[in-house]
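Let me begin by handing over the structure; questions about it come next.
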Ligand SMILES: [Zn+2]
């Protein structure tokens, strides 16, 4: 489930904590999750972390050895960073990704697949209940040549900048619009979920963007004007920006001040997983339908099919 904004939130949190850290050991509890040969793991245990990057939903940790660790969280992945001898809610600790109570448990636990220990005794745990996620290792210069990265469409704006750009560039609009128009008979929701058209939009931000732009998700592309498509991209971007700026799905937003569990979707979502609740614009009850094989949340009054 983690989408681009969730992975960007992880990148921001880990950048502050990992750069300059030396890896002391790597413990692999599930081989399927750690797709790196044993002989490589051995020399990794001396590497220093140079930078933390992201492309779409792939997190990349660059090492001083000119190799890069790639992480894909898939459905249920989480990264949890813990300082030794610290209170769980200490600001130096950080957890993000798929939101579950694992963030508050003693680690490693039954969902822990791999963990890294650093020279200062802090640890980074890769937890993944369903084991679809993975960690790989590649020479840094080969990373962008990988098919699963090379094929991706553009991102709406560069979310990795400290200050997220206010506007989508004209060249990005043109590139994405022409890619969308190549699927003229397909429902718009299916098209914006296609990672080759535009990278990093999943179910949450598709539903939020379509609601923002007042477009019914089953509308076929040829029935939409360029103006409507531009509005849709702006709304997706606005929703992603709100998610990143609110801290997204992190331990800090998961545990509310009164000790109860928070839902990060409440921080930015208007329709996603809000069926039965009133539309924030017109108060009509939000409903859940199926479009392009995916559960889809809409306001039946604001979002009329063309
Ligand atoms: Zn409405």
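Results for (1) within 19 Å of residue 248 (Cβ to Cβ); (2) surrounded by 20 or more Cβ atoms within 10 Å (Cβ to Cβ); (3) more than 17 Å from the chain's Cα centre (by Cα), shown as yes or no for each residue.
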position	(1), (2), (3)
79	yes, yes, no
85	no, no, yes
90	no, no, yes
100	yes, no, no
112	no, yes, yes
120	no, no, yes
124	yes, yes, yes
134	no, yes, no
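Looking at this structure, is residue 140 within 30 Å of residue 40 (Cα to Cα) and not assigned by TED's automatic domain parsing to the domain that holds residue 58?
no
Filter the range 238-256 down to the residues that are under 15 Å from the mean Cα position of the chain (by Cα) and not in a helix (DSSP H, G or I), then identify the one that is farthest from the ligand (Cβ to nearest atom).
250
Against the conditions (1) more than 18 Å from residue 118 (Cα to Cα); (2) out of contact with any strand residue (DSSP E or B) (no Cβ under 8 Å at 6 or more places or on another chain), where does residue 86 fall short? Just the number, please.
(1)
Mind listing whichever residues of the range 257-288 are more than 11 Å from the ligand (Cβ to nearest atom), touching a residue at least 60 places away in the same chain (Cβ under 8 Å) and in contact with a strand residue (DSSP E or B) (Cβ under 6 Å, 6 or more places away or on another chain)?
272
Just wondering, is there one or more residues in the range 190-206 that are touching a strand residue (DSSP E or B) at 6+ places or on another chain (Cβ under 6 Å), surrounded by 20 or more Cβ atoms within 10 Å (Cβ to Cβ) and in contact (Cβ under 8 Å) with a residue 12 or more places away in the chain?
The answer is no; no qualifying residue exists.
The values are calculated or read from the model by the stated rules, or taken from the named source; none is laboratory data. As the structure is a computational prediction, the values presented were derived from the model and not from experiment. All Cβ positions, glycine included, derive from the backbone under ideal geometry; neighbour counts span all protein chains shown.
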